[in-house]
Structures are given as structure tokens and as C-alpha cells.
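Just below is one structure, and these are the notes that go with it.
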Amino acid sequence: MALFLQLGFQGVALGMVYGLIALGFVIMYKGSHTFNFAHGEIVALGAYTVLALMAFMPWGLAFLVAVVIMVVLAVLIEAVFLRRMVGKSVTTVVLATLGISIMLHQAILMIWGVGTHGSAGPVGSGTVTVGSVVLPWSGIATIGTSVVVLAGLAYFFQKTPYGLALRATASHQEAALAQGIDVRRMFALSWGLAAFLAVVAGVFLASFPRVVSPSLGIVALLAIPAIVIGGMDSLVGAIVGGLIVGLIQVMGSYYLSDIGGGRLHEVLPYIVMFAVLVVRPYGLFGSKSIERV
């Protein structure tokens, strides 16, 4: 029972990270109607940036500076590349974000190389024992930080003028524009928020395991099954989907380790994703779109 609880705790911690990444995807999708495949590399670049800055300043300050850098980068990407593609086909925009993803990945390889680096997280590798259950401090920090960030986002979207304006833009761009909302500024805000979430997720994703490597960008794309499972346009669904993916991965890595050469847990999120698509194509919490034909 203790092992099951430990695995469940690790699954929740990893799921919260996937949930934060998925939340970034959803905020960009709802705010600017763009699905950004480069978001995974922004997660990785955020972790690398924190790691590099830690050589010159305390972790807290390194994190804040990294957030500023990544927010500026994300806003520039949206303004310079994506905003010019308004009205273009979905395929064109998707290919553009894939191209940006490749460029960011190559930049990481050129600057930091192909090897792994130490953790960029705020806590060490210690553990705390609760009864017979051993919990890692990294997991506690991940869950605690995620809860604080989610509470802050809930307040932002429910109580602040910019949050309400962003929700209005996500709901109906033309109506928001008619009400005097600067839609372009809301596009930039959605990308900036996603970049902030990417840095938070990046430093904790590097705790599973405790290394920063170029593969972080690919690992971050496991948030895509979380988005599909929860619903492309649902903020709550992004978190629930992330938790489902995290629990599936961690539980599967232990209980199904004898199947498929010990790699089945890497495929399980996609199996669940396809199962959800068959039953509910719009996800567990997504909106069912109706088009007049």
C-alpha cells in the first residue's frame, strides 16, 4: 500500500507539470487561436535559462529573470512570426510553429550541447517520510508550487481586468474588439502567460529525473495527450488531463514494466487519448462545437 501511495504521489506531481504545460497550450489556443508546437521547446529553453542563470545568482532571482526572458521571447515570436499569419490556413500556421520549434531546439544544442546538466529545480533530492510513505521534496515542491500558480491564474481570470478581457477575447474576438478590447494585446498576453507557465513547468519537469537535457522539449509534448483528453478549449480539462497522463505514466512504469520491454508506459497516454477521441472527440471537458452546413 505504501508503494502504491508513493507512486500515486509521484504521478500527481508529474501530472501537475503536464497540466501546467497543457494549460499553456490551451491559453494560447483560446487567446490567439493558434496551436503552438514550439511550446515544448520553450519549456526546455526555460529550464536551461534558469540553470544558466543559477551560476550567477540565487535560484529565486534566476527564476524571475528567466521568466522575463522567456515572456519577451514568446511575445516576440507571436508578434514577428504568428501575427503575420492571421488569415492563413491552419496547416500553414502549424508548419510555422513546427519550424520555430526546430530552430529553438537547434539553438539549445548549439549553446548547451547534447549532454545532460544538473537539475534546475529549487529543492534538492531529499525525502520526507509520512508514516510508511516516502515522499521526495521535489514532488512536494512541484505540487505546492502548481497549486499556488493555479490559484493565482484563477484569481487573474476571474477578478482582474486583463484576465476578464482575455476571457472575452477567447470567447469571441469580434465582440471583444467591438467593446474596445485591444485584441492584439490579448494575443501577446496569452503567449506571455504560456511562457510563464513553461518556465515553471520546465524547472520541475527537469526533476523527473533530476537532469536538464535537450529531450525536455519532446517530453513536454506529452502534454498533448493531456489536452486532447481534457478538451482543447478547457482550462480545467488541461489540469485533469495532465493528472491522468502523469498517473498513467508513473503507475504504468512500475506495474507494467514486464510488458513491451518496459516502455509501454510511454505509449499508454496516447492509447488513452485515442480511446477518449473515439468516445468524446471534444475531450472530457471540451466544448462540443456545432457548425451550420
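The values are calculated or read from the model by the stated rules, or taken from the named source; none is laboratory data. Just so it is clear, the model here is predicted, and its values are computed rather than measured. When we count neighbours, we look across all protein chains shown, and the Cβ atoms used for this are built from the backbone with ideal geometry, even at glycine. For accessibility, only protein heavy atoms count, side chains too; no ligands or nucleic acids. Shrake-Rupley method; radii C 1.70, N 1.55, O 1.52, S 1.80 Å.
Summed over segment 190-213, the residues that are touching a Leu at 6+ places or on another chain (Cβ under 6 Å) and open to solvent by 10 Å² or more (accessible area, probe 1.4 Å) give a count of 1. Counting only helices (runs of 4 or more DSSP H) that fall entirely inside segment 171-228 and contain at least 3 residues that are closer than 25 Å to Ala79 by Cβ and touching a residue at least 40 places away in the same chain (Cβ under 8 Å), the qualifying elements are 183-205. Filtered by the rule that a residue be open to solvent by less than 30 Å² (accessible area, probe 1.4 Å), assigned to a helix (DSSP H, G or I) and either among the β-branched types (Val, Ile, Thr) or touching a Pro at 6+ places or on another chain (Cβ under 6 Å) (or both), segment 14-65 gives Val17, Ile21, Val26, Ile27, Ile42, Val43, Thr49, Val50.
Scan segment 248-258 for residues that are open to solvent by less than 80 Å² (accessible area, probe 1.4 Å) and not in a helix (DSSP H, G or I) and jot them down.
Hits for segment 248-258 are Leu256, Ser257.
In the list Val276, Val245, which residue meets the criterion of being within 26 Å of Ala154 (Cβ to Cβ), aliphatic (A, V, I, L, M), more than 18 Å from the chain's Cα centre (by Cα) and crowded, with 19+ Cβ neighbours inside 10 Å? Walk me through how you get there before you give the answer.
Working: Val245 fails: more than 18 Å from the chain's Cα centre (by Cα).
The match here is Val276.
Scan segment 216-223 and give yes if some residue there is farther than 19 Å from Ser101 by Cβ and open to solvent by less than 20 Å² (accessible area, probe 1.4 Å), otherwise no. So far as segment 216-223 goes, no, none of its residues is farther than 19 Å from Ser101 by Cβ and open to solvent by less than 20 Å² (accessible area, probe 1.4 Å).
Out of Gly261, Gly237, Gly283, report the one residue that is at positive phi, part of a helix (DSSP H, G or I) and either open to solvent by 60 Å² or more (accessible area, probe 1.4 Å) or not β-branched (Val, Ile, Thr) (or both).
Numbers: Gly237 fails: at positive phi; Gly283 fails: part of a helix (DSSP H, G or I).
So the residue among Gly261, Gly237, Gly283 that is at positive phi, part of a helix (DSSP H, G or I) and either open to solvent by 60 Å² or more (accessible area, probe 1.4 Å) or not β-branched (Val, Ile, Thr) (or both) is Gly261.
Is at least one residue of segment 133-145 modelled with pLDDT under 85, closer than 19 Å to Val199 by Cα and either in contact with a Gly (Cβ under 9 Å, 6 or more places away or on another chain) or part of a loop (DSSP other than H, G, I, E, B) (or both)? Within segment 133-145 (the criterion being modelled with pLDDT under 85, closer than 19 Å to Val199 by Cα and either in contact with a Gly (Cβ under 9 Å, 6 or more places away or on another chain) or part of a loop (DSSP other than H, G, I, E, B) (or both)), the answer is no, since none of the residues qualifies. The residue that is nearest to the chain's Cα centre (by Cα), among those in segment 134-150 that are open to solvent by 30 Å² or more (accessible area, probe 1.4 Å) and closer than 15 Å to Val240 by Cα, is Leu150. All conditions in (1) open to solvent by 40 Å² or more (accessible area, probe 1.4 Å); (2) assigned to a helix (DSSP H, G or I); (3) under 25 Å from Leu61 (Cβ atoms); (4) not small (Gly, Ala, Ser) hold for Leu153, with the sole exception of (1). Collect the residues in segment 199-220 that are farther than 19 Å from Val71 by Cβ and modelled with pLDDT of 85 or more, keeping them in residue-number order. Hits for segment 199-220 are Val212, Ser213, Pro214, Ser215, Ile218, Val219.
For Val293, the test of being at pLDDT 90 or above and not acidic (Asp, Glu) is failed.
Residues in segment 75-120 that are hydroxyl-bearing (Ser, Thr, Tyr) and outside any loop (DSSP other than H, G, I, E, B): Thr91, Thr92, Thr97, Ser101. Do we have any residue at all in segment 71-84 that's open to solvent by 60 Å² or more (accessible area, probe 1.4 Å), of a type outside the set (A, V, I, L, M, F, W, C) and at pLDDT below 90? Among the residues of segment 71-84, at least one is open to solvent by 60 Å² or more (accessible area, probe 1.4 Å), of a type outside the set (A, V, I, L, M, F, W, C) and at pLDDT below 90, which makes the answer yes.
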